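The values are calculated or read from the model by the stated rules, or taken from the named source; none is laboratory data. In this text the structure is predicted, and so the values were computed from the model without any measurement. FYI the Cβ positions are ideal-geometry reconstructions off the backbone, even for glycines, and counts take in every protein chain you see.
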């Protein structure tokens, strides 16, 4: 079999090229198998989702097919033209689909992060001062779905989520309660009615932090943390609890405010 090489013609046995092609295909398929095995292992451990595995394996198969075709054509023709064409097409696709490639790369990064779906987080997005507190409902190839404590959903690009400062968050409702006419009254006299009001509600009172916010001669300000027993929170449940607390503290002219 004669193959062109510059201005010369090199003659090589057909068997040699067949063996080279078989070795190439075997090596490429072995690499493909090892990568697919690694991705499957990550899926079994719950690090990445089945959807992510499917997309990665599909892309991997496309790369394998293109690689085998390129090298076979190069071996048979001795020309580098296929590489040049594929490189040009690759650059063109990178320019045309830069956003999709960037978001999908971020999607892979999210799958490998410690936090995952249903985990509550506090996220500080770039150039946004107020953090978002909620849970990750869905991680899709180009964007993620986040849901706050009240069930409101927010769609965030994966690249923004990857670029954010994120920490784990415990869902909580913070109430500021101001009461008056408490001269000579003990703190427990104010807290007891509040505890009784919370007992029959879908919330649990968290007193791990000191509830006293400020104390005056005849005025007391408390900051209470309410941990929801289930999410998302229904506004009606929170309203009923606030009404119940107001009623139980009616002798102290209470004022309630949700600050978080």
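Out of contact with any helix residue (DSSP H, G or I) (no Cβ under 9 Å at 6 or more places or on another chain), in contact (Cβ under 8 Å) with a residue 40 or more places away in the chain and in a helix (DSSP H, G or I): is that true of residue 251 in this structure? Yes, satisfied. The residues listed here are 89, 65, 73, 84; of these, the one that is in contact with a helix residue (DSSP H, G or I) (Cβ under 6 Å, 6 or more places away or on another chain), at pLDDT below 80 and not assigned by TED's automatic domain parsing to the domain that holds residue 141 is 73. Would you check which residues across region 116-142 are part of a strand (DSSP E or B) and touching a strand residue (DSSP E or B) at 6+ places or on another chain (Cβ under 7 Å) and list them? Within region 116-142, 120, 121, 122, 123, 124, 132, 133, 134, 135, 136, 137, 138 meet the criteria.
Applying the condition of being part of a strand (DSSP E or B) and touching a helix residue (DSSP H, G or I) at 6+ places or on another chain (Cβ under 7 Å) to region 178-203 and asking which residue is farthest from residue 136 (Cα to Cα) yields 180.
Hey, any hits in region 226-246 for a residue that's in contact (Cβ under 8 Å) with a residue 24 or more places away in the chain, under 30 Å from residue 110 (Cβ atoms) and in a strand (DSSP E or B)? Looking for residues that are in contact (Cβ under 8 Å) with a residue 24 or more places away in the chain, under 30 Å from residue 110 (Cβ atoms) and in a strand (DSSP E or B), one finds at least one in region 226-246, hence yes.
Of the residues 154, 162, the single one that is at pLDDT 85 or above and under 27 Å from residue 132 (Cβ atoms) is 154.
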